[in-house]
Amino acid sequence: MAKIRKGVTLTLRLIALAATVVAVVIMVTSKETARVLNLTFTAKFTHTPAFKYYVVAEAIAGLYTVLALLLASKSLLSRLTLILDLVVAMLLTSSISAALAIAQVGKQGNSHAGWLPICGQVPHYCDKLVVSLVAGFVAALVYLLLLLYTLRAALSPVFAIKP
Amino acid sequence: MGRAEVVQKRQKAAIMALRVAALLATAAATIVMALNKETRTFVVGTVGTTPVTASVTAKFQHTPANVFFVIANAMASNHNLMMIGSDLFGLEFKGFKLPLVAVLDMLNAALLSAGVHGAAFMAQLAKNGNSHARWNEICDNFQGYCNRGGVAILAAYVGLLLRSASPWCPL
């Protein structure tokens, strides 16, 4: 029983680690220059604070996942791991939400505010951003699943009914 | 009453106080953002001697991030209300219900954090614009809208912090 639990948490953490690494790497290496009427126009992730926050938050989550994988054997830290898992899950959901909010404006614009979409001019940048955001979303989802699983495992002595 | 009972009563009162404060914060955020609307009339030109005006409205529905903010805060307020109600009416959480409460707590915390941060970064974009993407800032024209939005986001942040504090107490 404990072996299955450890196997599931290990798998989930590895998937989350892979997703955060993919998100960070692809967003950092996404850069495109477009020429519109003799003006060069560069699109980088550093131009938007939301994407900078996204990269930093995913990097922190990735580092935490590595740490949690290395310290998985010690059972004394299981309560601390649960609390930090909650913090990191909230960090991940917040960063993906912020990045998606800005990316939605970039893709569809906002006619009420007079903001034009930019994806028409820098399509490759937008494609790479989509991949990175999907990876970030997967990381957030996997972390929420991990949290639910460890919480169920931690509270199973309280169960009167076996689920 | 023994000392352990007094301590437990104080702990329960503290948790209840945190939950009530979180409920007030998230409910305030929902209401302020949902009623956030500002209309400005601009003079566009003159026809003879009469000025031609155009009125522009800023509503929260114009931005999907703000819509998500309102929905997330409404759901978090609802959850807080349910928790307070169940504490007040003395419903016991035995067996299957206790993990369900913990799970719902976490899910609502994650939802609330996502809603708050999406709206916060959208507000930052509205306030500062983005020169690289040629997006103008809109807060200089719609100061009331931006101020009210900022207050709603701050209130929701307070609610988020208070709600993050409450799972730690039973653990």
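Data for the structure
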{"quantity": "Residue-count net charge about residue A:111 - beta-carbon cut-off 15 Å; Lys, Arg +1, Asp, Glu -1", "calculated": "+3"}
{"quantity": "Distance between segment B:110-160 and segment A:55-134 - C-alpha centres, whole angstrom", "calculated": "18"}
{"quantity": "FRET efficiency for residue A:87 and residue A:11, using Cβ-Cβ distance with R0 set to 25 Å, rounded to 0.05", "calculated": "0.70"}
{"quantity": "Cα-based Rg / Dmax (Å) for the protein assembly as shown", "calculated": "23.3, 87"}
{"quantity": "Directionally averaged shadow of segment B:1-109, computed from the convex hull of its alpha-carbon atoms, nm²", "calculated": "10.4"}
{"quantity": "Cα centre as origin, Lys/Arg/Asp/Glu Cβ charges: segment A:1-83 dipole, Debye", "calculated": "320"}
{"quantity": "For segment B:3-47, diffusion coefficient by Stokes-Einstein and Kirkwood Rh (Cα), 25 °C, 0.890 mPa s, µm²/s", "calculated": "169"}
{"quantity": "Residues of chain A: accessible area per residue with a 1.4 Å probe, Å²", "calculated": "53"}
{"quantity": "Residues of segment A:6-29 with amide N under 15 Å of a point placed 7 Å along Cα→Cβ from residue A:148", "calculated": "A:9, A:12"}
{"quantity": "Accessible surface, per residue, of segment B:1-106 when the full set of protein chains is kept, probe 1.4 Å, Å²", "calculated": "62"}
{"quantity": "At least 10 Å² of accessible area lost relative to the chain alone, listed for segment A:36-50 with a 1.4 Å probe", "calculated": "A:39, A:41, A:47, A:48, A:49, A:50"}
{"quantity": "Exceeding the 20 Å Cα-Cα cut-off - candidates A:107/A:128; A:44/B:59; A:52/B:127", "calculated": "A:44/B:59"}
{"quantity": "Accessible area (Å², 1.4 Å probe, nearest 10) - residue B:151", "calculated": "90"}
{"quantity": "Local net charge near residue B:17, Cβ-Cβ under 15 Å (Lys/Arg +1, Asp/Glu -1)", "calculated": "+4"}
{"quantity": "Kirkwood Rh and Cα Rg combined as Rg/Rh, chain A", "calculated": "1.11"}
{"quantity": "Rounded percent of accessible protein surface that carbon and sulfur make up, segment B:121-167, 1.4 Å probe", "calculated": "60"}
{"quantity": "All-pairs alpha carbon distance profile, segment A:70-128, 10 Å steps from 0, percent", "calculated": "19, 29, 20, 16, 14, 3"}
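The values are calculated or read from the model by the stated rules, or taken from the named source; none is laboratory data. Nothing here was measured: the structure is a model prediction, and the numbers come from that model. No Cβ is skipped: glycine too gets one built from the backbone with ideal geometry, and neighbour counts run over all protein chains shown. Side chains included, ligands, DNA and RNA excluded: accessible areas come from the protein's heavy atoms. Shrake-Rupley method; radii C 1.70, N 1.55, O 1.52, S 1.80 Å.
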